[in-house]
Protein chains: 4
Amino acid sequence: MGKCNMRAFVMAEIGETDIIEKERPEPGPMDAILKPTKGLICTSDTHTVHGAIGEREDLTLGHEIVGVVDEVGGEVTDFEPGDRVVVGAITPDWNSEAAQAGHPSQSNQALGGWKFANVKDGTFAEYVHVNDADGNLAHIPDGVTDHEAAYTTDMMSTGFRGAENADIPMGGTVAVFAQGPVGLMATKGAVLQGAGEIIAVETVPERQELAREYGADHVVDFADEDAVEAIMELTDGKGVDSAIEALGADQTFQDAIKVTKPGGTVSNVGYHGDGEFRHVPREEWGVGMAEISIVTDLCPGGRLRLKRLLRLLDQGVVDPTKMTTHEFDFEDIEEAFWLMDGKEDNVIKPLVNFE
Amino acid sequence: MGKCNMRAFVMAEIGETDIIEKERPEPGPMDAILKPTKGLICTSDTHTVHGAIGEREDLTLGHEIVGVVDEVGGEVTDFEPGDRVVVGAITPDWNSEAAQAGHPSQSNQALGGWKFANVKDGTFAEYVHVNDADGNLAHIPDGVTDHEAAYTTDMMSTGFRGAENADIPMGGTVAVFAQGPVGLMATKGAVLQGAGEIIAVETVPERQELAREYGADHVVDFADEDAVEAIMELTDGKGVDSAIEALGADQTFQDAIKVTKPGGTVSNVGYHGDGEFRHVPREEWGVGMAEISIVTDLCPGGRLRLKRLLRLLDQGVVDPTKMTTHEFDFEDIEEAFWLMDGKEDNVIKPLVNFE
Amino acid sequence: MGKCNMRAFVMAEIGETDIIEKERPEPGPMDAILKPTKGLICTSDTHTVHGAIGEREDLTLGHEIVGVVDEVGGEVTDFEPGDRVVVGAITPDWNSEAAQAGHPSQSNQALGGWKFANVKDGTFAEYVHVNDADGNLAHIPDGVTDHEAAYTTDMMSTGFRGAENADIPMGGTVAVFAQGPVGLMATKGAVLQGAGEIIAVETVPERQELAREYGADHVVDFADEDAVEAIMELTDGKGVDSAIEALGADQTFQDAIKVTKPGGTVSNVGYHGDGEFRHVPREEWGVGMAEISIVTDLCPGGRLRLKRLLRLLDQGVVDPTKMTTHEFDFEDIEEAFWLMDGKEDNVIKPLVNFE
Amino acid sequence: MGKCNMRAFVMAEIGETDIIEKERPEPGPMDAILKPTKGLICTSDTHTVHGAIGEREDLTLGHEIVGVVDEVGGEVTDFEPGDRVVVGAITPDWNSEAAQAGHPSQSNQALGGWKFANVKDGTFAEYVHVNDADGNLAHIPDGVTDHEAAYTTDMMSTGFRGAENADIPMGGTVAVFAQGPVGLMATKGAVLQGAGEIIAVETVPERQELAREYGADHVVDFADEDAVEAIMELTDGKGVDSAIEALGADQTFQDAIKVTKPGGTVSNVGYHGDGEFRHVPREEWGVGMAEISIVTDLCPGGRLRLKRLLRLLDQGVVDPTKMTTHEFDFEDIEEAFWLMDGKEDNVIKPLVNFE
């Protein structure tokens, strides 16, 4: 397969996007080239375009896609052209020391598994390069649509991990701060970790409703009441066993600590994009002695994770497509992107069709 | 045994201590009364006298003693008058929900297992009341002196827990911030958790020397160099697997996060006594996604914990008495206390003889 | 309240049951006396009557009841006469060393938390003695019926623990051997631990149907096919991430090991009542090197566990009453007992009404 | 570098060894070729020659070597010819599903990380092929000799893992069954996990002495007394918190279960080479309800593991060379092998010099 051109949706510079022509990527011996079929726009791409990770020039955006294998490197054993696959938003280097330590998303450096639209071109292009195809792709079962599968790349993987890390006791109490797509999947994840009572914090009515559908027993509207007070009241003044921060703001980070009982866990999956510090409220943190743990994670990637999430879709355990509020063709992807950027029209997730 | 009076070393009010007469306490059905033989002065008592937990009137101070059982309640089965015992600084309510959840030191409320010299009279008196004797006392083996055993009550239990919580990999790298008695025991604890390389941060020469004796491979003197830079250099820019905060200051808390590698653990055992917030440095924390865990603990108490620590003393695994720099009789306890308060004369731990 | 007589359903001797008069028990300072309202018959009582734990004389049977507090000891703080409560089948000594080590059900000796109808009188009497009332009782929320709450004492607590111990990955595969009431709750528990695919092994049609209702994706009928072969085929020859043994037989124990993949977990909650050995199949166990863990548990008890299970009932997460196939008044309890003993009339659980 | 011949020490067929000429291996893009400098003979090679893993023809033996990099594949980034390195006995496929699940030694199939002298040629040859060089090699620090480093490949990694898996509480009690080189390193590993009291079981005087040097507090000689009785007596009838099986025999497996207290852990690192079953003694196992866990492991491999073990050598935490009882040149390797096979002359480990 010779070199050829392709169209790619890029961050031209800070604040600017474009659709341009790029060279189709070539695979190394362990790699694959995909042709996307469906993709989802993620808020973190909008942060990137606004400069969160610094200046970039014509960086292809996107990290949530499914597609078809177009080409594989000579050492790839489990995938071949024509295979219908999903690739994780995070594509770790599986032999790195961090991966060997159980932290593949931190391959070689902090957040080092996050390559797409960060240290290499992202997925919103006609062809996409995937490092370590055997490690980072998964076949999509017949019973799962491309649309559904696209949610395993990031939203399900990240949101569910927020719940997995929260150390939720069977029948325990959980608060989930923010019900964007990650928070909604954290709410569903809490159900799948045996939570006995789930309190979602959210003010947008459409998201509140989805939160209930995904399993929230209570919704606290922080525009109507103080979230901390409301949660303490719902828990008879005791606080929750587990709090999940799914926004990335100082306020929700502090609130999550404040509502967590001694011995409980604060699980952060929000991306904290600005400010010099996050603030730990000293007293509610029990002066550093209340046995409250604060844990964090970056979206888990990898074939095994994807296979397990696809199995949940195949068995009908969760329907993430309820979060898809809009749909666009690839040629209109800029429109989708700026809709997401402005959080207009009650958008939750815009779907992009590549064919 | 009738009511009678006894002498007690008390916090008369904020800033004032005294030795006064008090009524000897009476045991409930599960309780015991001890007659102390040896005790150790703890810095946290000095914080208390300076008002850290609010106003108190004639509160007996102290929480680190060994002694002899003087009387037991009718339901106590495993101890009787004359037994040589140690009581933990923390005396949990073992049937509380927090204890059932695996957090006995948080019995009924944050830090609720901390009763001595907090919500009830402490241990620096001629007689000491112990709640739940079967749960909170331990017999001292013949091979262990009272002096040694006194270190199990808090310094060994807290310092070692700092290391246990730090999730140190076999052969991993550890930084321990501050080498007071808790930090020194955290350093020794890191050895006992299989650390491959231990970096102690301390400026006082006597403590630096003890740190090396207890197992530190490097000592960083923060008065001579930037602790974070020094630790990053010692670890080839990678940071440590585990950092232990054994001071309770904002600076060391921040530094501990800064030197911890992605996927690593910050274990806090320092008591953070002032300030509205502790500050999490956002970037070094990996914008909330670097899989760095921040865990905290209050000194573990209880018979089982004490028995295991006494076993380590009995087998000669650790000699905590190297930390005893001064010795006083009970009548001179005020002198011992204010020496500790001023950290004068290179004091590390002052021992108090009750007989 | 003076001494008085009461009726109790007892094991008169091996093989014989009776309803006799006994003295009403008296509470110690930490204890309570309950008056049962609803109870469930458990197969383990039938084992007891057949001699599984040796000879007993007029031992009151039963360990699954809810009731009303009739009297409390002087040190009990959180319960008072008239309170509607549930008591766990297992009533640990919370200050024992085993409880302090995180194994309350092993208080003081192996299975030492199992007191009812073992080392003291059980619950099938007009009055029931409960040790450590604050630690071992829980108030029943208004939204939960006595009938529902009775399932928290053992079936939910044991079955769910089978799933909690199985280390089920989010989206992982699980096999549950036997779908008696514990196995059925293990199946539901697997759903609540995020299982992606659940294979239940059972031959009785009514139990197969309930298994599907509680979340089994496949049912393997071991009367029709070899269970190991069927499970290996369903998992493409890979085996499951987690296997739960909920019967207590050598065959199912061996099969559970055989179907578990390298790195997986076998979680045993079956009571293995006979034979000198359980047999670990050496090759399928990976010659002791395949990183398969075999873990076991006795029903967890305690106020916190009960509260959390009651919360799941209150939120409607599970309906255990589907397992109630028969209902009897206390005067007919012998009939209920022998029905359970013979597993007649497709019985799953017989409910006993005390009033 | 063209093809050329080299000498290799092989299993010619079951029961027969030889030194023959073979073609020097070639590296794939991720691989490396090493030239060994030092090696150690392992008992498992003798099992192999006796047929434990079936018939092989001219399979090169050996899996414990250090050496110098001779050649690397085009995708290798962190190693180059001339580097002084160690390679693990186990060389996982780091992108396999098992590795992603945290079980790299089970890559692709049970024990799949064990490639040397099993599914490919081993290390006792003039040139050795290493799969995934970046993932499976580690540079040897200047302060560590080749002789020392050779022990990280298997003996230290396996023995220490036996202790790491044993869930030893700080100050807990441990029994280690058999004090061959793996058992001796398990004993040292228990020290490095904070054990309070270590009981080694062994009958050979030289091994008993080394056990004490590595940290055993007691040695039980099973030729003189019943090991189970002796251990129960040493633990006041309570049993140990953790038992490590480092032999691979049914008797020691049963004994390990028998001496483990309720709630304790049996950690198996012995290779169970024969028999249809291992036998779990039903009663001492607590009829499947005493919360005793039985866990197993295959030697961990990988760059990170090796680096951490090398760090322990570099800091002088352990001296494994005390186990080297004999030394041979490569031309005499058959003599070394059959000495090990017969356990003659009180051999513990024979060292092989390649240059």
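Tell me which of these D:W285 doesn't satisfy, since it passes every other one: (1) within 30 Å of C:P104 (Cβ to Cβ); (2) touching a strand residue (DSSP E or B) at 6+ places or on another chain (Cβ under 6 Å).
Among (1) within 30 Å of C:P104 (Cβ to Cβ); (2) touching a strand residue (DSSP E or B) at 6+ places or on another chain (Cβ under 6 Å), D:W285 violates only (2).
Among the residues of the stretch C:251-277, write down those that are under 26 Å from C:G51 (Cα atoms) and facing chain D (nearest Cβ under 9 Å).
C:F253, C:Q254, C:N268, C:V269, C:G270, C:Y271, C:H272, C:G273, C:D274, C:G275, C:E276, C:F277 - these are the residues of the stretch C:251-277 that are under 26 Å from C:G51 (Cα atoms) and facing chain D (nearest Cβ under 9 Å).
Looking at the stretch D:219-237, which of its residues are surrounded by 16 or more Cβ atoms within 10 Å (Cβ to Cβ) and under 15 Å from D:G172 (Cβ atoms)?
Filtering the stretch D:219-237 down to residues surrounded by 16 or more Cβ atoms within 10 Å (Cβ to Cβ) leaves D:219-220, D:222, D:227-228, D:230-232, D:234-235.
Residues satisfying the conditions are D:I231, D:L234, D:T235.
Hey, does the stretch A:200-223 have a residue that's in contact with a Ser or Thr (Cβ under 9 Å, 6 or more places away or on another chain) and over 27 Å from A:S44 (Cβ atoms)?
The answer is no, given that none of the residues of the stretch A:200-223 is in contact with a Ser or Thr (Cβ under 9 Å, 6 or more places away or on another chain) and over 27 Å from A:S44 (Cβ atoms).
In contact (Cβ under 8 Å) with a residue 24 or more places away in the chain and more than 25 Å from C:T296 (Cβ to Cβ): which single residue out of C:D93, C:D121 fits that description?
Details: C:D93 fails: more than 25 Å from C:T296 (Cβ to Cβ).
The unique qualifying residue is C:D121.
Among the listed residues B:K307, B:K343, B:K322, identify the single one that is surrounded by fewer than 24 Cβ atoms within 10 Å (Cβ to Cβ) and without any contact (Cβ under 8 Å) to a residue 24 or more places away in the chain. Full working, then the answer.
Values: B:K307 fails: without any contact (Cβ under 8 Å) to a residue 24 or more places away in the chain; B:K322 fails: without any contact (Cβ under 8 Å) to a residue 24 or more places away in the chain.
Step by step, each of B:K307, B:K343, B:K322 is checked, and only B:K343 is surrounded by fewer than 24 Cβ atoms within 10 Å (Cβ to Cβ) and without any contact (Cβ under 8 Å) to a residue 24 or more places away in the chain.
Which residues, taken from the stretch C:331-355, are part of a strand (DSSP E or B) and within 27 Å of C:A133 (Cβ to Cβ)?
Here is the first cut: in the stretch C:331-355, the residues part of a strand (DSSP E or B) are C:349-353.
Within the stretch C:331-355, C:K349, C:L351, C:V352, C:N353 qualify.
With respect to D:A256, determine if the residue is outside any helix (DSSP H, G or I), of a type in the set (A, V, I, L, M) and not assigned by TED's automatic domain parsing to the domain that holds D:A133.
Numbers: outside any helix (DSSP H, G or I): no; of a type in the set (A, V, I, L, M): yes; not assigned by TED's automatic domain parsing to the domain that holds D:A133: yes.
No; evaluated as a whole, the condition is false for this residue.
Only one residue in D:L298, D:L306 is under 23 Å from the mean Cα position of the chain (by Cα) and away from chain B (no Cβ under 14 Å), so which one is that? Talk me through it step by step, then tell me what you get.
Details: D:L306 fails: away from chain B (no Cβ under 14 Å).
Just a single option satisfies the conditions, and that option is D:L298.
Search the stretch A:293-343 for residues being touching a helix residue (DSSP H, G or I) at 6+ places or on another chain (Cβ under 7 Å) and charged (D, E, K, R), and hand back the single one that is nearest to C:A195 (Cα to Cα).
Checking each candidate, the answer is A:R305.
For the list (1) without any contact (Cβ under 8 Å) to a residue 60 or more places away in the chain; (2) more than 11 Å from every other protein chain (Cβ to nearest Cβ), I need the number of the one condition that A:G237 fails.
The failed condition is (2).
Within the stretch A:271-283, can one find any residue that is touching a helix residue (DSSP H, G or I) at 6+ places or on another chain (Cβ under 6 Å), modelled with pLDDT of 95 or more, crowded, with 18+ Cβ neighbours inside 10 Å and within 30 Å of C:G189 (Cβ to Cβ)?
no
Name the residue that is nearest to B:E57 (Cα to Cα), counting only residues in the stretch B:100-118 that are in contact (Cβ under 8 Å) with a residue 12 or more places away in the chain and among the small types (G, A, S).
Pass one, the stretch B:100-118, residues in contact (Cβ under 8 Å) with a residue 12 or more places away in the chain: B:104-108, B:111-118.
The next check asks that each one be among the small types (G, A, S); those that pass are B:105, B:107, B:112-113, B:117.
On the way: B:S105: 25, B:S107: 24, B:G112: 20, B:G113: 21, B:A117: 11 Å.
Once the filter is applied, the top-ranked residue is B:A117.
Which condition from (1) at pLDDT below 95; (2) part of a helix (DSSP H, G or I) is the one that D:Q251 breaks?
Failing condition for D:Q251: (1).
From the list D:E21, D:E97, D:E26, D:E75, which one is in the same structural domain as D:L304 (by TED's automatic domain parsing), of a type in the set (D, E) and touching a helix residue (DSSP H, G or I) at 6+ places or on another chain (Cβ under 6 Å)? Quick ask: steps written out before the conclusion?
On the way: D:E21 fails: touching a helix residue (DSSP H, G or I) at 6+ places or on another chain (Cβ under 6 Å); D:E26 fails: touching a helix residue (DSSP H, G or I) at 6+ places or on another chain (Cβ under 6 Å); D:E75 fails: touching a helix residue (DSSP H, G or I) at 6+ places or on another chain (Cβ under 6 Å).
Going through D:E21, D:E97, D:E26, D:E75 in turn, just one is in the same structural domain as D:L304 (by TED's automatic domain parsing), of a type in the set (D, E) and touching a helix residue (DSSP H, G or I) at 6+ places or on another chain (Cβ under 6 Å): D:E97.
Given the condition at pLDDT 95 or above and in contact with a helix residue (DSSP H, G or I) (Cβ under 7 Å, 6 or more places away or on another chain), answer yes or no: does some residue in the stretch C:45-59 qualify?
No, that holds for no residue.
Suppose we filter A:D18, A:D31, A:D58 for residues that are among the charged types (D, E, K, R) and surrounded by 18 or more Cβ atoms within 10 Å (Cβ to Cβ); which single one remains?
A:D31
The values are calculated or read from the model by the stated rules, or taken from the named source; none is laboratory data. No experiment lies behind these values; they were computed from the predicted model shown. Ideal geometry is used to build each Cβ from the backbone, glycine not excepted, and the neighbour counts take in all protein chains shown.
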